[in-house]
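Each remark here refers to the structure printed beneath this line.
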């Protein structure tokens, strides 16, 4: 296995330390992000997902433990954050709210310009980034930022971060608030992006279905600690453990789980709709099902 | 402490629901009582009144079961001001004239003269400030946001008959108070999001235009977020049948109760006491009292 | 006067911004300039409220700006100047006019055929000139130099404002130009009125020279800042194109 792009070890962080309002957000987190993979970070609200993400690009510094981006140590105050941000780029929730320039291309150019790159290079990056999100610069570059639709604005914000050309893209709930088509498009974009070069994505989300679809590995947080870790298949196969943490399993797992409970199917680790279809087809063929009671799965 | 923690100071006073007698008063009484008290302190300051104010404020804080430590913590941001005020008073007060007029020369070191009158004046001002901060702590401790807004609306309602848009103003107040934490959080998110893109807002470099342009990534989205939320709220209100304040009734009806009458009576008494108390040239009385302490007892 | 729901809500939103920008410890409403001087942008919500929703909104947000200024002067003072801002006549009263002036200037610059306004302003201008002539050329004031000076200053101010109004009313300005002019006027109102209040009511009194110097050192950058920010915000919201069309990065 090649060297990790990001390595987190024993990370601890407390908000407002030393005051009566102190809250320990991270209590010793360790995991790593390797080139070419998508790491999904899930956990109930308050488990420390956002705090963890903010450590990955240096917005927050570890109070104990280490966060290494390549050979840069983020616990060291002297580390140049600019260098970190050329490798790890963070996209917040509702990123369309952060657009401030009048014209789209200028907003996308903000990040690279702040890095101090020459204008020609910035222009090239803007074109590449906007193409990558499906908003070609020739058409959308000179449009008014506030004149785009919500979904377009979100993609423009993503372009602004992609223009930093990081190795690792860190996303906090990137699909929240999008309609199903918007979500599909965004996920497809991200798939395309990570397939090029040895890039990695870290994705924090409540949307289990999406994480199940995209993630190679999953880290489950609970109250600032890593509760579960493994490949997506491993983690989502642990239905009981996830339920105990108050996390809803992906829809596919819920349906299959109900069928397993009714004794109609053997347990499996199918994660996606594609994998579940053959299993369900095998059911349809049977004619002796009769009036077997199947527990209902509520629509979520 | 996170440097991005914008909201920290916005929670000026904590609501401390200790269920005391003061908490159960009508919000209008809470507001009027404390407002009158604070006004009296600011307008009628004198050394004895400031001291009386301190005693009363502490008594009220105790009655409301506010921990002393909490009240004292509210004074912390004032400390730099105390130092500034001291320096200003030492330098700008006409000390020599006061000494010539009979005041005590507390300090006479070369060209620097500090008179007793000057110090007493400084002490009065600082003490009055302390009292006002205690009162504010008291108010926020015994009245939460909904209390305060009901109180203000209730107080302003009689003015509605004179054509004063009381309903609109109190609605505006409620909405503004709701927006403050929302926009504070938005600002915090913007700080982080733009910093993640390399934004450097505090940089002290370049001409005025450059510095201002550096703040645009924060300010423009903040205003836009506020305007967007306003649109959403207007739509939400109108689609729920809001057509203005005419004929609207409240779910919570404010009613004065015996406890409120007692409270008002006590406020009246305190007010009278305040006006009456003022033992002549304050400086002498304090000086006498001190002298008496040091020599006699 | 009918107050619309939108006016109430926008006022509330702008007041909330005033509070958020002025709150310590970050005090994001102050942009540090040189030598410890900081210019304020907290008056901008007042101007934006006035431009977008009218003079009443501008008045109320201005009132809240003043009250907020007063409150922080008591609770979290940063320097000796804050002692002066504990006087509501200095902290609150001048701020009531920011929104009104910004609104007037905006409307004048945008109005299509403001003949009535032009007429009124023209009359004011004539009266101002007449007053100066009367004060100095006729024996009405009996040669009292003080009174003459007072009439002169008042007439110059009124006349100057009338001239500015006339120029704005007659010259067709772009949407962005109107916004910028309103922002500049509002900021100027804030600077001039607050400094005047400080000069007249400051206790201990502040020397006039210092006030004028502060006015220039603070006031001019503040106007620049207000114009840039106000235009950026309002143009984005109303999707007005400002300046050269198209992005900078693609078209340079």
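No value in this document is a laboratory result; all are computed from the given coordinates. Bear in mind that the values here come from a model prediction, so they are computed numbers and not experimental data. Here Cβ is always computed from backbone atoms with ideal geometry, including for glycine, and neighbour counts include all displayed protein chains.
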Quick one: compute the contact order of chain A, relative version, from alpha carbon pairs under 8 angstrom and 6+ residues apart, as a percent.
-> 21 percent
Specify the inter-centroid distance of the range C:191-252 and the range A:211-233, based on alpha-carbon positions, in whole Å.
-> 51 Å
Give the order of A:130, B:237, C:52 when sorted by the count of other beta carbons within 10 angstrom, beginning with the fewest.
-> B:237, C:52, A:130
Kirkwood-based Rg over Rh for chain C (C-alpha set), two decimals?
-> 1.01
Simple spin-label estimate for residue A:280/residue C:173, 7 Å along Cα→Cβ, in nm, reads 6.4 nm
Kindly put A:154, A:87, A:82 in sequence by how many other C-beta atoms sit within 10 Å of each C-beta, fewest to most.
-> A:82, A:87, A:154
If you take the Cα atoms of the protein assembly as shown, find Rg, then find the Kirkwood Rh from the mean of 1/r over all pairs, what is Rg/Rh?
-> 1.03
Förster radius 25 Å - calculated FRET efficiency between residue A:258 and residue A:233 (Cβ-Cβ, nearest 0.05) | 0.85
Sketch the reach of a paramagnetic label on residue C:89 as a point 7 Å from Cα along Cα-to-Cβ, and name the residues of the range C:196-231 whose backbone nitrogen lies under 12 Å away.
-> C:197-203
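Within 10 Å, count the other beta carbons around each residue, average over each peptide in B:216-228, C:229-241, A:244-256, and list them highest first.
B:216-228, C:229-241, A:244-256
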Assuming R0 = 41 Å, what is the FRET efficiency of residue B:63 and residue A:63, from their Cβ-Cβ distance, to the nearest 0.05?
-> 0.50
With Rg and the Kirkwood Rh both taken from Cα atoms, where does Rg over Rh land for the range B:155-279?
-> 1.20
Separation between the residue C:156 and residue B:86 pseudo-spin-labels, each 7 Å from Cα along Cα→Cβ, expressed in nm?
-> 4.6 nm
Would you mind computing, in nm to one decimal, how far apart the modelled labels at residue B:275 and residue B:210 are, each placed 7 Å from Cα along Cα→Cβ?
-> 6.2 nm
Specify the inter-centroid distance of the range A:1-78 and the range B:175-242, based on alpha-carbon positions, in whole Å.
-> 27 Å
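From the Cα trace of the range A:89-166, what convex hull volume per residue do you get, rounded to a whole Å³?
Looking at the range A:89-166, the number lands at 77 Å³ per residue.
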Here the FRET efficiency for residue B:185 versus residue A:16, based on Cβ atoms and R0 = 22 Å and rounded to 0.05, is 0.90
For the protein assembly as shown, what is the mean residue ellipticity at 222 nm derived from helices alone (per DSSP H run of n ≥ 4: -39500 (n - 2.57); sum divided by total residues; nearest 500 deg cm²/dmol)?
-> -19000 deg cm²/dmol
What is the fewest-to-most order of A:19, B:48, A:272, B:215 by other Cβ atoms lying within 10 Å of their Cβ?
-> A:19, A:272, B:48, B:215
Along each principal axis, Cα extent of chain A, largest first, Å = 71, 51, 41
